[in-house]
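The values are calculated or read from the model by the stated rules, or taken from the named source; none is laboratory data. Just so you know, these numbers come straight off a predicted model, no measurement behind them. Cβ sites come from the backbone with ideal geometry, for glycine too, and all protein chains shown count toward neighbours.
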Amino acid sequence: MKIYINSNRGDIIQLNNTEEKSSIFNLKKSIEKALGVPTEDQKLFFFSEALENDKELSDYKICTESTLHLKFIVQNNIQVNVEINNYTPPIRKNLKFDVKPTNTIYELKQKIPCKALFTRLFFFGEQLRDDRTLESYKICDESTLCCTIFDDQTFAFSSNSFFIFVKTSTSELLNVKIFSDNTIAEIKEILHREEGFPKDNQILCYNQFELDDEKTISDYYIYPNCTINLTHKKLY
């Protein structure tokens, strides 16, 4: 019988004289001959169902003129889905990214093509920390993460946004707009994007106490027009 293979990189091939009793593994060997992609780097799907190597085409009711979808996988890489569903600004997107399990959440955020002051990623309702890896949250191939983005338009429509002052080591006073539930890590991200200060090199202090990245502005009772101090880590 004749079946079609549609790959995630745009290749469409036609395989003729395929036996109904052929195994999925033998089908992958035919694809390897046609496209030069090793069988271990192939993942086949039929109506969104992943096909197992030791099963036959007939096990999945694959018949002549059927179309299978081929996903190329890079060894040790996974593909994750990121759903952006914002009300303000109104953005609704479903994106896919090839990543390594050892990538950090911050590295994944850098792949999201949205101009935002900062982003938040969630997995099963838990907000993900920038410095942790995907595998530490047990995020695996085909996992779906939810994403919320924050930009100037978000601030304009938010009732819990306000300005604070950030005093730099050169005594420059910066006026920064934030949310009351921003984490300190997110404030550092805003300063990085708006002022160019390297995120990992920032130390923020309030009332002579260094602020913890994972805590929020409200945790420290920082209110509108408060001043926090910015210094930098010493590089050796």
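General remarks:
- The number of residues in the range 1-18 that are within 16 Å of Phe72 (Cβ to Cβ), among the hydrophobic types (A, V, I, L, M, F, W, C) and surrounded by 15 or more Cβ atoms within 10 Å (Cβ to Cβ) comes to 1.
- Residue satisfying all of: in the range 166-204; part of a loop (DSSP other than H, G, I, E, B) and among the small types (Gly, Ala, Ser); nearest to Arg120 (Cα to Cα) among these: Ser180
- Cβ separations smaller than 7 Å between residues 6+ apart or across chains give the following pairs from the range 1-15 residues that are in contact (Cβ under 8 Å) with a residue 60 or more places away in the chain to residues that are surrounded by 14 or more Cβ atoms within 10 Å (Cβ to Cβ) and among the aromatic types (Phe, Trp, Tyr): Ser7/Phe72; Asn8/Phe72; Arg9/Phe72.
- Arg92 meets all of the listed conditions (1) at pLDDT 80 or above; (2) not in a helix (DSSP H, G or I) but one, namely (1).
Yes/no matrix, rows are residues, columns are (1) modelled with pLDDT under 75; (2) part of a strand (DSSP E or B):
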{"site": "Asn81", "(1), (2)": "no, yes"}
{"site": "Lys96", "(1), (2)": "no, yes"}
{"site": "Thr102", "(1), (2)": "no, no"}
{"site": "Lys115", "(1), (2)": "yes, no"}
{"site": "Thr119", "(1), (2)": "no, yes"}
{"site": "Phe122", "(1), (2)": "no, yes"}
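- For the range 19-40, a residue qualifies if it is surrounded by fewer than 17 Cβ atoms within 10 Å (Cβ to Cβ) and either among the polar types (S, T, N, Q) or touching a Phe, Trp or Tyr at 6+ places or on another chain (Cβ under 6 Å) (or both), and the qualifying residues are Asn26, Thr39.
- Here Leu108 fulfils each of the conditions (1) under 30 Å from Arg193 (Cα atoms); (2) at pLDDT 90 or above; (3) in a loop (DSSP other than H, G, I, E, B) apart from (3).
- Among the residues of the range 32-64, those identified as among the hydrophobic types (A, V, I, L, M, F, W, C) and under 19 Å from Asn77 (Cβ atoms) are Leu35, Val37, Leu44, Phe45, Ala50.
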